[in-house]
1. With +1 on the Cβ of every Lys and Arg and -1 on the Cβ of every Asp and Glu, and nothing else charged, how large is the dipole of the chain about its Cα centre, in debye rounded to the nearest 20?
2. Can you show me the helix-derived [θ] at 222 nm for the chain, built from DSSP H runs with n ≥ 4 at -39,500 (n - 2.57) apiece and divided by the number of residues, rounded to the nearest 500.
3. Which shape class applies to region 73-167: rounded if a/c is under 1.5, otherwise prolate when a/b exceeds b/c and oblate if not, where a ≥ b ≥ c are the square roots of the Cα gyration tensor eigenvalues?
4. Check which residues have an amide H placed less than 5 Å from ARG73's amide H, if you skip close sequence neighbours.
5. Taking square-rooted eigenvalues a ≥ b ≥ c of the alpha carbon gyration tensor, is the chain rounded, prolate or oblate, where a/c under 1.5 means rounded and, failing that, a/b exceeding b/c means prolate?
6. Taking H as built 1.01 Å from N, whose amide H comes closer than 5 Å to the amide H of TYR155, not counting residues under 5 places away?
Amino acid sequence: MDIAVAKAEARSAAFARRRAARLALGPAPQAATEAALAALLARPEGVIAGYVPIRTEIDPRPLMTRLHEAGRRLCVPVIEAPGRPLAFREWAPDAEMVEGPFGAAVPASGAWLTPGALIAPLVAFDAGLLRLGYGGGFYDRTLALLQADGGPGAYALGLAYAAQQAEALPAEPTDRPLNAIATEAGLLT
């Protein structure tokens, strides 16, 4: 089967599982938030990239607010153009937000930052911590750029419902695994 077709099929099934999980558990399951908070506070990186949710993604803003209260500097992704890595603009709980590409809200102003850790949204994930997104490749390109020096690079933590876990996902050489995934069932590493 063609990789694009396999990913589209996996994405379609995962959207249905994510919608059902959101209905059952709400937009920001506390157990997932707690697992992510503990993992991120244990890391030395000063700047953490979160995201503003779209569709049925878990809402990380309660987690981001707690990280902000703990003294961490935060940013959110801004899509500058198709085929490019994400840029990141500083975010705070009281930031003025405007609509950005794909309907995601972005800060109206603020410093451009380079994160040392990312909270990544996802459609599905597998036991190997591969992430299936919407198909634009933005997070894969961004992780490749942030991890290009040969070292561990940016720490990437997925935020998901446990129901989003799939069997082995179809993968391409450009697909980047995450370091961990936080769900209401705990932290997968």
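No lab work stands behind these numbers, since they all come straight from the coordinates. All of these numbers come straight from a predicted model, not from anything done at the bench. Reconstructed Cβ throughout: ideal geometry from the backbone, glycine too, with neighbour counts over all protein chains shown.
1. The dipole magnitude comes to about 160 debye.
2. -9000 deg cm²/dmol
3. Note, shape of region 73-167 comes out prolate.
4. For ARG73, whose amide H was placed from the backbone, the distant partners under 5 Å are ILE48.
5. Rounded.
6. Under 5 Å from the amide H of TYR155: ALA117, LEU118.
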